[in-house]
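Let me give you the structure first, and then I'll get to my questions.
Derivation of every value follows stated rules applied to the coordinates shown; laboratory data play no part. Computed from a predicted model, the values in this text were never measured in an experiment. All Cβ positions, glycine included, derive from the backbone under ideal geometry; neighbour counts span all protein chains shown.
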Amino acid sequence: MEPAYSCRECVRLYGASLFPFSRSTEHPDTVTEIPEHLLKRSRARKGGGDDAAAASAGSAVEATGAAVSAAPTGPAALAAAAAATPADKPAAAAPPDPPYIAAAKARKKMPIWAMGLVACVPVWALSYAGTMQQPAVEDLLYIDAAEVYNVTGGCAGCHGAAGAGGAGYAFSNKEIVSTFPNPVDQMVHVARGSAAINGEPYGDPERPGGQRVSGAKGSGAMPAQKDALTQVQLELAILHERIVLGGDDPTTPANVSWIESVRTKLEGGDTSPVDLDLLLSCADPTMTPGATSDNPDRTDCPGGEAGGGEQAAGG
Ligand code: HEC
């Protein structure tokens with residue numbers, strides 16, 4: 001918000017009306033001398049044309065004030081003086097302020113500290129933009145999933161906010177998908193916890209690095225979640241571990257089907273508790289100790305149409 005005119009210009013243009021009683025030292029020609037000067041000029045015009053060419057234009061300009069009292073010396077000096085005069089000198093009777101100048105003079109001035117606030121705006125904008133970037137996905141489903149993982153289920157406390165591991169195993173770089181190819185086996189493991197199957201193998205036997213053995217991490221047990229979370233919350237936490245932290249592809253047919261089923265339950269306000277028996281009936285016996293495999297049609301199995309033990313039925 002630059003002013004339309006500089007302060008210097010303002011003083012030049014309106015100085016006379018702003019400070020009617022001051023005499024400018026820069027501009028010795030003051031209002032009261034104008035008539036005198038005009039007199040001199042007309043006098044000079046009558047008797048002009050003598051040796052005035054000797055006077056340089058520069059000195060004539062500097063001596064404008066002096067030239068008023070001294071007799072003008074020639075046309076060049078006079079021309080210079082005449083040219084200098086209107087620019088340097090305010091009009092004898094300053095015109096009344098135009099409305100916008102009057103308004104500018106009358107309005108309340110902005111306090112100087114406000115500039116500090118204005119200077120803070122870019123900093124605020126940057127930090128605001130930073131917070132906007134936090135949820136990479138604006139899908140409410142993923143926001144809720146992150147909340148269960150980080151807050152409701154407290155999983156982040158032992159597995160890390162980015163899934164890099166801690167007391168519990170890491171999920172990142174598809175680690176979790178290589179342990180549990182299908183979400184439903186992971187649901188069973190999280191729901192009943194590791195102590196319930198302490199010492200038993202679980203997860204994919206073909207897993208690189210070997211099949212997991214419960215309790216082998218040596219940093220305590222994975223706490224059972226079946227009474228702490230609802231079925232939807234359990235699936236949301238696992239969805240976050242697999243898709244967001246583990247980097248599994250959400251566009252595979254199995255994942256599309258599973259994600260949509262979680263979304264439907266979430267949007268329907270489903271608060272059903274975890275049904276461990278149902279989960280065990282859907283799980284793969286090669287990966288989940290105690291899996292009953294007595295649900296070959298996979299009716300009611302969470303994890304989407306292809307999300308459970310499709311291979312399990314054969315194995
Ligand atoms: C108190 C710490 C703690 C909390 C909280 C916790 N876990 Fe664990 N989790 C562990 C430990 C320790 C293990 C490994 C136990 C073992 O040695 O078998 C584990 C193992 C797991 C595994 C098996 C991973 C693999 O690759 O074998 C999964 C899946 C898992 N946790 C998911 C979760 C989820 C989901 C939550 C939140 C609802 C959660 N954990 C909360 C400590 C925790």
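Could you give the length gained by full extension between Thr292 and Ser42, i.e. 0.36 nm per residue of separation minus their alpha carbon distance, to one decimal place?
This chain segment gains 77.9 nm when fully extended.
Still on this structure, I have one more. In the stretch 140-314, what is the volume of the convex hull around the alpha carbon atoms, normalised per residue and reported in Å³?
103
Taking H placed 1.01 Å from N in the peptide plane, check which residues at least 5 places from Gly160 or on another chain put their amide H under 5 Å from its amide H.
Amide H to amide H, under 5 Å and 5 or more residues apart or across chains, Gly160 pairs with Gly165.
Taking the Cα centre as origin and putting +1 on Lys and Arg beta-carbons and -1 on Asp and Glu beta-carbons, what dipole magnitude results for the stretch 114-270, to the nearest 20 debye?
Value, rounded to 20: 420 debye.
For a quick check: sort Cys282, Cys301, Cys158 by the number of other beta carbons within 10 angstrom, fewest at the front.
Cys158, Cys301, Cys282
Further question: Would you list, by chain and number, the lysines whose Cα falls below 16 Å from the Cα of Lys265, excluding same-chain residues fewer than 8 positions away?
Within the straight-line cut-off, Lys265 pairs with nothing.
On a straight-distance basis, which lysines could pair with Lys105 in a cross-link, Cα separation under 26 angstrom, same-chain partners fewer than 8 positions away excluded?
Lys89
Right, here's the next one. What does the extension gain come out to for Ala162 and Asp300, with contour length at 0.36 nm per residue minus their alpha carbon separation?
Here the answer is 46.5 nm.
If all Cα-Cα distances of the stretch 163-262 are sorted into 5 Å bins from 0 onward, what percent lands in each bin, rounded to whole numbers?
3, 13, 22, 27, 22, 9, 4, 0
A further question on this structure: As a footprinting exposure proxy, order Ile197, Ile112, Ile238 by other Cβ within 10 Å, with the fewest listed first.
Fewest to most other Cβ atoms nearby, the residues stand as Ile112, Ile197, Ile238.
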